[in-house]
């Protein structure tokens, strides 16, 4: 793995620092990638290509006044130096018209860090050949993304932080027909043929189970097992809308409002944290603060702490814990329980086994009442055995039921789930989630 | 950073010279974006942010293979490296692709957003003063616990050149205004916005007046407070009147996405999903009642997704997708039309220089009917009139949906009798539009858009346009929030 981007960023900001005026402070963040993408449908290629990008974002500060900007680096130092100088000139001009920002806060105690995950990923041609080989005779659809990604922070006070990894992410389905498919994900830093084969085997067995005639279930309340991927869809909805954010908390917009305004609780089985140490996201944020290894958010069903960005720290007079501006978890973890993962079907006994949920949103956000669909492999189970796939169902239920009164247990293994999102750039978010056995989940359509 | 790259003859020459001539098809698509983000929260200016994003995508089709490479290095060497990379992908994928026919058009033309009042004639201080003024109109009561006024200006210049001689220059000027007031009492929090960001479009500063941005803040704040004391929306099957700023979402999710040919072809099955629409439905399927007329119309002046050409270079024209309730055409560009043999439109679009084009909605509009909104209301014995989407969920075949709105009005015996909070409704796309019982006339026809439509692997976020009058649906399952 090359350190050229690391060196380039360092030198660019070091040079820019020498051109600052007066007491100016410069904060700089870079995110970059060189990623090979292969998109597949019916085991053939729909699109394939390579994206190379390096986005530099800066905040130019003088006292409590500041303005920000960003642009794509070209990799040519003379061009990038000139563009950065031009941008800083524009920010200085705009800064004349802004007042002091009472919520400006940045790290003034330089703490430099470096984390590099030098993975072993196959050449893209080989990856394509491997994937198409296992998909031979099958309707394989999905995307393979692989390559270097990096994030860096630097400021004119001398702080330098760098996070770089080489990783791959194969997100795919074996389709049977219509909307019936076995969904799987193989992601990591080192491509392992045996591990990939095990994933394929699991998908093949699930595909076979889907071949049984699907059934329609009437709306109603069903005993349900939510696999980790289904839990992810549910939990990320809630956390994405400010469940754990200080600003959402203070302005009464958190979906967990009833926990802070009405003493509502989740099940004592539920403990949720921002587990930076166990995730794959950088341990620094855009104002230079270093994140603690873990931040407890929900402890045994009760609200514990919020994620506090630097701006919220200033606004609400509390310390920051290194949250990003959005104040959502980037490495969310739910502590496992004592339900044996290997025997969840027996524990479910008779009910719904939900592998994936889809398109979750709120029916009543402030009551944390959520809705969404089952997707891919959802099965009806009787006496611990799969009876039939189930056609898609809409659920509509509150977190206080699903993770509260109705929660019977969490599995004893939490699955590490890397975020497959590639909006703008490859995500570094992840989650560690167990499966959940719910005594009664409400389905409405 | 104010020089317009699209006016650089030197860059255009470099792009042209980079394209190989010994392949079936090659294109270079340069995208140069500049945006300014302004926001005032609780009467305090938030940090101004200026974003610049520039790069080129090289696409090559050859011998049944295809490949792309995206780079921000616009030098001759940088583009040459991208061409080599794209050519390699085309070689590796030859004989192993689902799409073998490259875009067929090699047109020449220009599109420029209509701008009446150039933003640059409105000084930054005036823009900030406008937002401060709106912010003060939002924060009118102690129960308003959070509020924000925002304005994003985004300029996007695109230049597409192809090995077949195409030269397409498009200059887009977008404006995204926003208002938001959050009211709270105890465990009851109500959020009201300026059309859930749907009052966006193309143009200059005049766009703010088009939707009454300057007059909306007081109404937004007052309705947020009004919702605090409003009763919960009733739960029963009743008539449903949707305002244009909810029709945006209804059209988008239950007509737009199901008609995308790449979903029907299966490309999206691992992510965005498939469609309940199948190829044999085109030309005969009764999608809605006879009142339903839906157009793909990239020619509406100032609408968010108006353009002259899609990102494969196909000239864009207005076409009916649904005519008198019958499905006649899908949403698929040149490549998807060749793959499926189905009729489509010019809607192959990319979110930026670093993403390849796929089938997207552009402007997807419900054409006006003949009733006034007042006539529709007076025809309702028992119903609700819902405004402004705040929650959306639909299955992966785009069939079973559930949507919620910020603000509801109860209609009883032909009259609006009060406000209701937390209104939602659910239905099934395949049959929902057949219950379309009334379409309001051009007086309520409102041109809007959705700034953030996500789709695709790799993921892409684009703006889509939707225009509609208020529409009435019979016998819909309506319900409220938790008590």
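The values are calculated or read from the model by the stated rules, or taken from the named source; none is laboratory data. Just so it is clear, the structure is predicted and the values come from calculations on it, not from any experiment. Every residue, glycine among them, receives a Cβ derived from its backbone with ideal geometry; neighbour counts consider all protein chains shown.
Checked against (1) in contact with a strand residue (DSSP E or B) (Cβ under 7 Å, 6 or more places away or on another chain); (2) under 22 Å from residue A:154 (Cα atoms); (3) not in a loop (DSSP other than H, G, I, E, B), residue A:311 passes all but a single condition, namely (1). Scanning the range B:74-99 for residues that are touching a strand residue (DSSP E or B) at 6+ places or on another chain (Cβ under 8 Å) and not in a helix (DSSP H, G or I) yields a total of 7. The set of residues in the range B:123-142 being touching a helix residue (DSSP H, G or I) at 6+ places or on another chain (Cβ under 9 Å) and surrounded by 16 or more Cβ atoms within 10 Å (Cβ to Cβ) consists of B:124, B:127, B:130, B:134, B:135, B:137, B:138, B:139, B:140. Restricting attention to the range A:53-82, and to residues there that are surrounded by fewer than 21 Cβ atoms within 10 Å (Cβ to Cβ), facing chain B (nearest Cβ under 7 Å) and within 29 Å of the chain's Cα centre (by Cα), which single residue is nearest to residue B:35 (Cα to Cα)? Looking at the filtered set, the residue picked out is A:70. For the range B:428-483, a residue qualifies if it is within 30 Å of residue B:354 (Cβ to Cβ), in contact with a strand residue (DSSP E or B) (Cβ under 9 Å, 6 or more places away or on another chain) and part of a loop (DSSP other than H, G, I, E, B), and the qualifying residues are B:456, B:457, B:458. Could you tell me which numbered condition residue A:325 fails, if it satisfies all but one of (1) touching a helix residue (DSSP H, G or I) at 6+ places or on another chain (Cβ under 6 Å); (2) without any contact (Cβ under 8 Å) to a residue 60 or more places away in the chain? The single condition residue A:325 does not satisfy is (1). The residue that is nearest to the other protein chains (Cβ to nearest Cβ), counting only those in the range B:154-175 that are buried (at least 21 other Cβ atoms within 10 Å of the Cβ) and touching a helix residue (DSSP H, G or I) at 6+ places or on another chain (Cβ under 7 Å), is B:159.
To keep it simple, each residue is scored yes or no on (1) surrounded by fewer than 23 Cβ atoms within 10 Å (Cβ to Cβ); (2) assigned by TED's automatic domain parsing to the domain that holds residue A:113; (3) within 18 Å of the chain's Cα centre (by Cα).
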residue	(1), (2), (3)
A:246	no, no, no
A:280	no, no, yes
A:283	yes, no, yes
A:303	yes, no, no
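Could you look through the range B:311-328, keep only residues that are out of contact with any helix residue (DSSP H, G or I) (no Cβ under 8 Å at 6 or more places or on another chain) and in contact (Cβ under 8 Å) with a residue 40 or more places away in the chain, and pick out the one that is nearest to residue A:55 (Cα to Cα)?
Within the range B:311-328, the subset out of contact with any helix residue (DSSP H, G or I) (no Cβ under 8 Å at 6 or more places or on another chain) is B:311, B:313, B:315-320, B:323-324, B:326, B:328.
Cutting the leftovers down to in contact (Cβ under 8 Å) with a residue 40 or more places away in the chain gives us B:311, B:313, B:315-316, B:326, B:328.
Values: B:311: 23, B:313: 28, B:315: 32, B:316: 32, B:326: 47, B:328: 43 Å.
My answer is B:311.
Among the residues of the range A:357-385, those identified as at the interface with chain B (Cβ under 7 Å from one of its Cβ atoms) and either farther than 28 Å from residue B:424 by Cβ or touching a helix residue (DSSP H, G or I) at 6+ places or on another chain (Cβ under 6 Å) (or both) are A:360, A:366. Against the definition (surrounded by fewer than 16 Cβ atoms within 10 Å (Cβ to Cβ) and within 7 Å of chain B (Cβ to nearest Cβ)), how does residue A:110 come out, yes or no? Judged against the criteria, residue A:110 is not a match.
Yes/no matrix, rows are residues, columns are (1) in the same structural domain as residue B:345 (by TED's automatic domain parsing); (2) more than 30 Å from residue A:172 (Cβ to Cβ); (3) under 17 Å from the mean Cα position of the chain (by Cα):
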| site | (1), (2), (3) |
| --- | --- |
| B:270 | yes, no, no |
| B:273 | yes, no, no |
| B:284 | yes, yes, no |
| B:287 | yes, yes, no |
| B:294 | yes, yes, yes |
| B:300 | yes, yes, yes |
| B:312 | yes, no, no |
| B:315 | yes, yes, no |
| B:323 | yes, yes, no |
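The selection criterion, being more than 14 Å from chain B (Cβ to nearest Cβ), surrounded by fewer than 16 Cβ atoms within 10 Å (Cβ to Cβ) and within 26 Å of residue B:95 (Cα to Cα), holds for residue A:197.
Tell me whether the range A:426-437 contains one or more residues that are within 8 Å of another protein chain (Cβ to nearest Cβ) and in contact (Cβ under 8 Å) with a residue 40 or more places away in the chain.
There is no residue in the range A:426-437 that is within 8 Å of another protein chain (Cβ to nearest Cβ) and in contact (Cβ under 8 Å) with a residue 40 or more places away in the chain.
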